[in-house]
1. Count the net charge of all other residues whose Cβ sits under 9 Å from the Cβ of residue 197, scoring Lys and Arg as +1 and Asp and Glu as -1.
2. If we restrict to alpha carbons, what Rg and Dmax does the chain come to, in Å?
3. Just to confirm a number: summing +1 for Lys and Arg and -1 for Asp and Glu over residues other than residue 81 whose beta-carbon lies under 13 angstrom from that of residue 81, what do you get?
4. With N residues in region 103-241, what two-decimal value do you get for its Cα radius of gyration over 2.2 N^0.38 Å?
5. Lys and Arg at +1, Asp and Glu at -1: add these up for the other residues within a Cβ distance under 12 Å of residue 186 and post the number.
6. Using a 1.4 angstrom probe on heavy atoms only, work out the carbon and sulfur share of the accessible area of region 1-71 in %.
7. Under the rule a/c < 1.5 gives rounded, and otherwise a/b versus b/c splits prolate from oblate, where does region 145-215 land using the Cα gyration tensor?
8. Dividing the alpha-carbon Rg of region 4-120 by 2.2 N^0.38 Å yields what?
Amino acid sequence: MEVLLFENREELGKAAAKLIGQLVRKNPKLVIGLITGETPLTCYRELVRMHREEGLDFSQVVTFALDEYLGLPPFHPLTCRSQLTEALLKHLNAKQENLHFLDCGSPDLDRACEDYEREIREAGGIDLQLLGIGTNGHLGLNEPGSPFDSRTRVVELSEETKRYLSRYFGSQVPQRGMTMGLGTIMEARRILLLAHGSAKAEIVAKALKGPITERVPASILQRHPACTVMLDKEAASRLSP
Ligand code: PGA
């Protein structure tokens, strides 16, 4: 694992965007796994700036959203699809047909998850998977206890995740979601995990330095051959040198 430290979340976001920009320039058809939440916002702002001011071209880039909440009305502003569209995708020149989302409106959710796995395979696999980390160590909605070999599937959200999400959803917090599995994530050729803020310090230390265990889903990343971790000072504060 390569661990890179930054002064604050702005610098971290810029560095993440710079890396993504380099990879897109090298391979204009890059297949990227995208995340939602607070973590990627500074990175996405910088990518939008690079697109506008430096002509970074997304016209052939393919994206797959990591996860999605269930039980929200279509077009709800807090679906992962809406969040990604607003924060990033609508500001780029990516083609609609290259943007993949988990279909939370499907009448057959298990089938939709299988279809997603097929779409990822047909796209040639994920070149770069972005990841954040939950304070309980989850990746996507793979909560503690998720099997390391899990695939894209419907899951129950943990109490900790629901508590965290209530700051956005109020009393209407989703109970379930769809997520790429840990096995799916680990097949990405390259992984970029981002974390900022002191609330992530303890779990970052556990995930990076602790035992590899399904109780800490992100600890599986220690086994990935090409995982870069970008942290701000606060998120890195519990890592011993
Ligand atoms: P956050 O969520 O980016 O809002 O901190 C990360 C996560 O739960 O994976």
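The values are calculated or read from the model by the stated rules, or taken from the named source; none is laboratory data. Please read these numbers as outputs of a predicted model, since none were measured by experiment. All Cβ positions, glycine included, derive from the backbone under ideal geometry; neighbour counts span all protein chains shown. We work out accessible area using only protein heavy atoms, side chains counted, and drop any ligands, DNA or RNA first. Shrake-Rupley method; radii C 1.70, N 1.55, O 1.52, S 1.80 Å.
1. -1
2. My reading of the Cα-based Rg and Dmax gives 16.6, 50 Å.
3. After counting each charged neighbour, the total is -3.
4. Here the Cα radius of gyration is 1.06 times the empirical estimate.
5. +2
6. So the carbon and sulfur contribution to the accessible surface is 48 percent.
7. Because a/c hits 1.5 or more and a/b fails to exceed b/c, region 145-215 counts as oblate.
8. Normalised Cα radius of gyration, region 4-120: 1.11.
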